[in-house]
Amino acid sequence: MKSFLVTFIACNILILSAQSQDPHEDHNKANKHMHKLSVEELAQRFEDPSREAWQKPDQVIALLGDIKGKTVVDIGAGSGYFTFRLAEKGARVVAADVDEDFQKFIAHKKAELDYSDDQVRLKKIPYDSPMLGTESADAVIIVNTYHHIENRVPYFKEVYQGLAPKGVLMIVDFKKQKFDGGVPGPPLDMRISKDQVMEELEGSGFVRFEVDTDLLKYQYIVRAVK
């Protein structure tokens, strides 16, 4: 990943500082906190090899079931940490993010890895909408991003409408509890409990849930089926 980042910087694809004049950069408290770092620094953090130990991406993705040939929307795709792992497993992935610079990052990585548009498609979305067509996705995955979304009930009503029948929404976010030592994730006051997630998703139309609090030490997984 270090060599990729060096190539990325050398090609001058980005990097804009978090101090840019983007009017959305302090859209909410969680976004403002995250963007104290530049996109380069965030990408290095997101792609750090040590993340695999606590994030367990392959085991998380396995909870989606067989995704080969299915359309999976990765909302809050960031650097593409999950995007490209989903594509490796045969999904047609839509990498959706509000940040233009992360979209450029994914585009460069996509070219480096030689993925086609059918395998990985980029989609810049606004803060207040996932921009999903009706029943256009077989699955939606949102990792470490739920706490960044505002007006979540109407937002996830759109997600519900965008899922095909029996489609799956999977939320992975940080447990609202204290841990000893240096741990990943935002400050405790920015985290949202799994119970609040389910309450908000119920208000958006979801009624069937599976919750896993054991697979990941620092995170819960809420899986909702349409």
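Within region 206-221, the only residue that satisfies the criterion of being under 21 Å from ASP58 (Cα atoms), of a type in the set (Val, Ile, Thr) and assigned to a loop (DSSP other than H, G, I, E, B) is THR213. Filtered by the rule that a residue be among the aliphatic types (A, V, I, L, M) and under 13 Å from the mean Cα position of the chain (by Cα), region 123-152 gives ILE125, ALA139, VAL140, ILE141, ILE142, VAL143, ILE149. With respect to (1) more than 13 Å from VAL222 (Cβ to Cβ); (2) exposed (fewer than 13 other Cβ atoms within 10 Å of the Cβ), the lone exception for HIS148 is condition (2).
State whether the residues of region 151-164 include one that is surrounded by 23 or more Cβ atoms within 10 Å (Cβ to Cβ) and of a type in the set (Val, Ile, Thr). Scanning region 151-164, I find at least one residue that is surrounded by 23 or more Cβ atoms within 10 Å (Cβ to Cβ) and of a type in the set (Val, Ile, Thr), so the answer is yes.
Would you check if there is a residue in region 69-80 being surrounded by fewer than 24 Cβ atoms within 10 Å (Cβ to Cβ) and acidic (Asp, Glu)? No: zero hits. Residues of region 74-122 that are in contact with a Leu (Cβ under 7 Å, 6 or more places away or on another chain) and of a type outside the set (Gly, Ala, Ser): ASP74, PHE84, VAL93, ASP101, GLN103, LYS104, PHE105, ILE106.
When GLU25, GLU112, GLU52, GLU88 are checked against the criterion of being surrounded by 14 or more Cβ atoms within 10 Å (Cβ to Cβ), of a type in the set (D, E, K, R) and at pLDDT 85 or above, a single residue qualifies: GLU88. ASP128 meets the conditions (1) without any contact (Cβ under 8 Å) to a residue 60 or more places away in the chain; (2) crowded, with 20+ Cβ neighbours inside 10 Å; (3) farther than 21 Å from GLU47 by Cα; (4) acidic (Asp, Glu) in every case but one. The failed one is (2). Would you pick out the residues in region 72-109 that are more than 18 Å from ILE125 (Cβ to Cβ) and either free of Cβ contacts under 8 Å to residues at least 24 places away in the same chain or assigned to a helix (DSSP H, G or I) (or both)? The answer is PHE84, ARG85, ALA87, GLU88, GLY90, HIS108, LYS109. On the basis of being more than 23 Å from ALA91 (Cβ to Cβ), buried (at least 17 other Cβ atoms within 10 Å of the Cβ) and modelled with pLDDT of 95 or more, does LYS194 make the cut? Answer is yes for this residue.
For region 43-71, the set of residues classified as more than 18 Å from TYR218 (Cβ to Cβ), in contact (Cβ under 8 Å) with a residue 60 or more places away in the chain and part of a helix (DSSP H, G or I) consists of ALA43 only.
Out of the residues in region 160-198 that are of a type in the set (A, V, I, L, M) and without any contact (Cβ under 8 Å) to a residue 60 or more places away in the chain, which is nearest to TYR218 (Cα to Cα)? Among those that are of a type in the set (A, V, I, L, M) and without any contact (Cβ under 8 Å) to a residue 60 or more places away in the chain, it is VAL183. Kindly list the number of the only condition in (1) surrounded by fewer than 21 Cβ atoms within 10 Å (Cβ to Cβ); (2) among the β-branched types (Val, Ile, Thr); (3) over 25 Å from PRO165 (Cβ atoms) that fails for ILE106. Of the numbered conditions (1) surrounded by fewer than 21 Cβ atoms within 10 Å (Cβ to Cβ); (2) among the β-branched types (Val, Ile, Thr); (3) over 25 Å from PRO165 (Cβ atoms), the odd one out for ILE106 is (1).
The values are calculated or read from the model by the stated rules, or taken from the named source; none is laboratory data. These figures come from a predicted structure and were not determined experimentally. Ideal geometry is used to build each Cβ from the backbone, glycine not excepted, and the neighbour counts take in all protein chains shown.
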